[in-house]
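What follows is a short report on a single structure.
The values are calculated or read from the model by the stated rules, or taken from the named source; none is laboratory data. Bear in mind the structure is a predicted one, so any value in this text is a computation, not a measurement. Cβ atoms come from the backbone with ideal geometry, glycine included; neighbour counts cover every protein chain shown.
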Amino acid sequence: PFIVDACRFAENAWFIKQREPGQGERSIKSIVRDMFELADGMTMSAKKDAFANIGGWLAVNDDDLAQKARTRLIQTEGFPTYGGLAGRDLDAIAQGLSEIIDEDYLRYRVRTNEYIVEKLDHMGIPVVRPAGGHAVFVDARAWLSHIEPLKYPGQAVAVALYEVGGIRACEIGTVMFGRAPDGSETPAAMDLVRLAMPRRVYTQSHADYIVEVFEEVQRMKDDLTGFEIIDEPPMMRHFTAKFAPLSG
């Protein structure tokens, strides 16, 4: 079966409307319907394109597959009737699914990312273009070319952003993908830093503040050093690994 990861379905529909020939006059709702009609099912994190604080679901259009999923649920979580979301959270999801397809909201959200990407690019900071819907991505390996990939330039950028301006970012690179099951380590294909934008939180002044922090980090980037991992779990180390800065 073809299962869609639908956590950012509205942002993807916005890009279809903006970028694909013949789609510009269509509503976001109609594009979303066409997207899901092509799939056999969907997974959804409601904390993303549903504006909710918690929750999610698996939906399929095959009764036999749904029964298999419920059986697996019993093995891993319990009976479907054992719990679930509170009524307040279900209401929030229902309202969020309605509001997320508002084109004025989507236009503002995407434009915020575009604005930051344009400013960083103008400063000479390498970024992934075109700008995405949920985040800004900085090419840390290219920006901090003096730091070897196995010394985690993405982590160096993330730490600098937090120390300079309190901005929390996420390394998506060698820390996340570089270690093989046998424990060996090779550089990932890229070392990016993701700045995921909260929904309905940031104003223009917040976007300008992010740019100002990058300006400060840009001035000190040649003095930044790499990091080493001093403690890591056997799996998914990027969530809980501990680091120490390397000496210059």
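If a residue counts only when it is within 30 Å of I101 (Cβ to Cβ), which helices (runs of 4 or more DSSP H) contained entirely in the stretch 122-223 have at least 3 such residues? Spell out the reasoning first.
Details: elements: 140-143, 153-165, 174-177, 204-220.
Once the helices (runs of 4 or more DSSP H) in the stretch 122-223 are filtered for at least 3 residues that are within 30 Å of I101 (Cβ to Cβ), what remains is 204-220.
For every residue, the table says whether it meets (1) among the charged types (D, E, K, R); (2) out of contact with any Gly (no Cβ under 7 Å at 6 or more places or on another chain); (3) closer than 18 Å to D139 by Cβ.
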residue: A189; (1), (2), (3): no, yes, yes
residue: A196; (1), (2), (3): no, yes, yes
residue: R199; (1), (2), (3): yes, yes, no
residue: Q204; (1), (2), (3): no, yes, no
residue: E212; (1), (2), (3): yes, yes, no
residue: Q218; (1), (2), (3): no, yes, yes
residue: L224; (1), (2), (3): no, yes, yes
residue: I229; (1), (2), (3): no, yes, no
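Condition check ((1) over 20 Å from A10 (Cβ atoms); (2) touching a strand residue (DSSP E or B) at 6+ places or on another chain (Cβ under 7 Å)) across all residues:
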| site | (1), (2) |
| --- | --- |
| I100 | no, no |
| T112 | no, no |
| F137 | no, yes |
| S145 | yes, no |
| K151 | yes, yes |
| G154 | yes, yes |
| L161 | yes, no |
| E171 | yes, yes |
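Taking the criterion of being over 23 Å from R111 (Cα atoms) and among the aliphatic types (A, V, I, L, M), no residue of the stretch 5-34 qualifies. The set of residues in the stretch 174-190 that are more than 15 Å from E228 (Cα to Cα), in contact (Cβ under 8 Å) with a residue 24 or more places away in the chain and touching a Ser or Thr at 6+ places or on another chain (Cβ under 8 Å) contains only A188. Scan the stretch 71-82 and tell me whether some residue there is aromatic (F, W, Y), in the same structural domain as I28 (by TED's automatic domain parsing) and within 30 Å of F15 (Cα to Cα). No; the residues of the stretch 71-82 include none that is aromatic (F, W, Y), in the same structural domain as I28 (by TED's automatic domain parsing) and within 30 Å of F15 (Cα to Cα).
Does S98 satisfy the criteria of being more than 21 Å from F51 (Cβ to Cβ), out of contact with any helix residue (DSSP H, G or I) (no Cβ under 7 Å at 6 or more places or on another chain) and of a type in the set (G, A, S)? No: the conditions fail for S98.
Taking the stretch 133-169 as the range and being within 18 Å of P198 (Cβ to Cβ), crowded, with 16+ Cβ neighbours inside 10 Å and free of Cβ contacts under 8 Å to residues at least 40 places away in the same chain as the test, the residues that pass are A158, A169.
Residues of the stretch 75-93 that are in a helix (DSSP H, G or I) and exposed (fewer than 12 other Cβ atoms within 10 Å of the Cβ): Q75, T76, P80, T81, Y82, G87, R88. Of all residues in the stretch 113-158, which are within 15 Å of T174 (Cβ to Cβ) and charged (D, E, K, R)? Within the stretch 113-158, D139, R141, E148, K151 qualify. Every test in (1) outside the structural domain of F214 (by TED's automatic domain parsing); (2) exposed (fewer than 14 other Cβ atoms within 10 Å of the Cβ); (3) over 21 Å from the mean Cα position of the chain (by Cα) is passed by L65 save one, and that test is (2).
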